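For reference, the structure is listed below as structure tokens.
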Amino acid sequence: MLGVKNLHKSFGSNQVLKGIDFEVNEGEVVAIIGSSGSGKTTLLRCMAFLEQANDGIFIFDDLKKDIRSISKKEIKDIRMKMGFVFQSFNLFRNMTALQNVMEGLTTARKVDKETAKRKSMEMLAKVGMSDRANYYPDQLSGGQQQRVAIARALATDPEVILFDEPTSALDPELTGEVLEVMVKLAREGTTMVVVTHEMEFARNVADRVIFMENGVVVEEGEAKKVLSDPKEEATRRFLRRILRKEEEE
């Protein structure tokens with residue numbers, strides 16, 4: 001459904017992605033884990049064309065093209081089928097929760113306001129935020145803002161949603177409410193790619209886990225297997241470090 005082959009991305013002389021092969025199938029939840037600086041977010045942003053990769057093959061539905069020759073129209077069409085949830089919410093501060101969710105429908109897709117409002121209210125209800133529809137971001141907690149951001153991603157009926165560390169900007173007590181929404185989406189069969197440091201979510205919700213280090217995929221496989229019995233020493237080392245950190249907290 002969505003994938004890249006031999007994907008490369010550099011920022012100046014810093015090579016961040018070094019030949020990544022990645023794919024997610026319809027209805028699948030894939031968690032991408034790894035230390036800061038391993039290339040996880042860059043991979044996600046390249047797949048959503050928020051960053052332009054230097055080289056590689058991009059695959060989405062029936063499209064399979066060299067990433068350097070994809071047209072602006074093709075990128076626009078791809079983006080129309082994707083939702084993206086940012087680490088820092090990226091809500092418009094001068095718009096209410098409802099207006100933030102409506103914006104992508106009315107502006108990018110030219111949906112009439114009444115239809116957009118109805119759809120947006122449905123999505124806010126889905127994430128438990130309908131009673132905050134007329135609140136501005138500054139009136140909402142971080143967890144509530146992230147749930148609005150998820151509603152915004154859902155409103156366009158995307159084929160796949162990409163999540164970039166959706167809980168890392170949240171206090172621990174607010175993390176649960178966002179993960180609860182994501183678990184619900186996973187159970188409904190939503191195709192999701194999630195860059196995350198939440199190992200319990202990865203273990204219990206993801207179908208597959210991909211572990212990245214230094215711009216390459218070191219290990220991938222069935223989530224519980226990789227996280228319980230990793231084959232690679234680098235994966236074991238990373239998981240031990242995460243476990244120690246959790247114990248210290």
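The values are calculated or read from the model by the stated rules, or taken from the named source; none is laboratory data. Given the structure is predicted, the values throughout are model-derived calculations rather than measurements. Using ideal geometry, Cβ is built from the backbone for each residue, glycine included, and neighbour counts are taken over all protein chains shown. The protein model used for the area step is the full one, side chains on, heavy atoms only, and it has no ligands, DNA or RNA in it. Shrake-Rupley method; radii C 1.70, N 1.55, O 1.52, S 1.80 Å.
Whenever a residue of the range 63-81 is loosely packed, with under 14 Cβ neighbours inside 10 Å, it has no partner that is of a type in the set (Lys, Arg) lying with C-beta atoms less than 6 angstrom away and at least six residues away or across chains.
Tallying residues that are surrounded by fewer than 16 Cβ atoms within 10 Å (Cβ to Cβ) and either free of Cβ contacts under 8 Å to residues at least 24 places away in the same chain or closer than 10 Å to residue 30 by Cα (or both) within the range 185-194 yields 2. For the range 59-77, a residue qualifies if it is in contact with a strand residue (DSSP E or B) (Cβ under 6 Å, 6 or more places away or on another chain) and in a helix (DSSP H, G or I), and exactly one does: 67. Of the listed requirements (1) aliphatic (A, V, I, L, M); (2) free of Cβ contacts under 8 Å to residues at least 40 places away in the same chain; (3) touching a Gly at 6+ places or on another chain (Cβ under 7 Å), residue 123 misses just one: (3).
Given the condition open to solvent by 50 Å² or more (accessible area, probe 1.4 Å), of a type in the set (Asp, Glu) and either part of a strand (DSSP E or B) or under 29 Å from residue 197 (Cα atoms) (or both), answer yes or no: does some residue in the range 147-169 qualify?
Start the filter on the range 147-169 by keeping residues that are open to solvent by 50 Å² or more (accessible area, probe 1.4 Å), which leaves 157, 159, 169.
Now restrict to residues that are of a type in the set (Asp, Glu): 157, 159.
Adding the requirement that they be either part of a strand (DSSP E or B) or under 29 Å from residue 197 (Cα atoms) (or both) leaves 157, 159.
Looking through the range 147-169, at least one residue is open to solvent by 50 Å² or more (accessible area, probe 1.4 Å), of a type in the set (Asp, Glu) and either part of a strand (DSSP E or B) or under 29 Å from residue 197 (Cα atoms) (or both).
The residues of the range 195-222 that are aliphatic (A, V, I, L, M) and either open to solvent by 90 Å² or more (accessible area, probe 1.4 Å) or within 23 Å of residue 6 (Cα to Cα) (or both), listed by number, are 195, 209, 210, 212, 216, 217, 218. A count restricted to the range 1-49 and to residues that are over 16 Å from residue 60 (Cβ atoms) and in a loop (DSSP other than H, G, I, E, B) stands at 8. Looking at 51, 23, just one residue is open to solvent by 10 Å² or more (accessible area, probe 1.4 Å), closer than 23 Å to residue 80 by Cα and touching a residue at least 40 places away in the same chain (Cβ under 8 Å), and that residue is 51.
Going by the conditions given, is residue 56 more than 21 Å from residue 192 (Cβ to Cβ) and either touching a Ser or Thr at 6+ places or on another chain (Cβ under 7 Å) or in a strand (DSSP E or B) (or both)? Here the answer is yes, as residue 56 does meet what is asked. For the range 223-237, the candidate set comprises residues that are open to solvent by less than 10 Å² (accessible area, probe 1.4 Å) and touching a residue at least 24 places away in the same chain (Cβ under 8 Å); within that set, the residue that is nearest to residue 29 (Cα to Cα) is 223. When 113, 117 are checked against the criterion of being open to solvent by 30 Å² or more (accessible area, probe 1.4 Å), under 11 Å from residue 98 (Cα atoms), of a type outside the set (Ser, Thr, Tyr) and more than 15 Å from the chain's Cα centre (by Cα), a single residue qualifies: 117. Applying the set (1) open to solvent by 40 Å² or more (accessible area, probe 1.4 Å); (2) over 17 Å from the mean Cα position of the chain (by Cα) to residue 140 leaves exactly one unmet item: (1).
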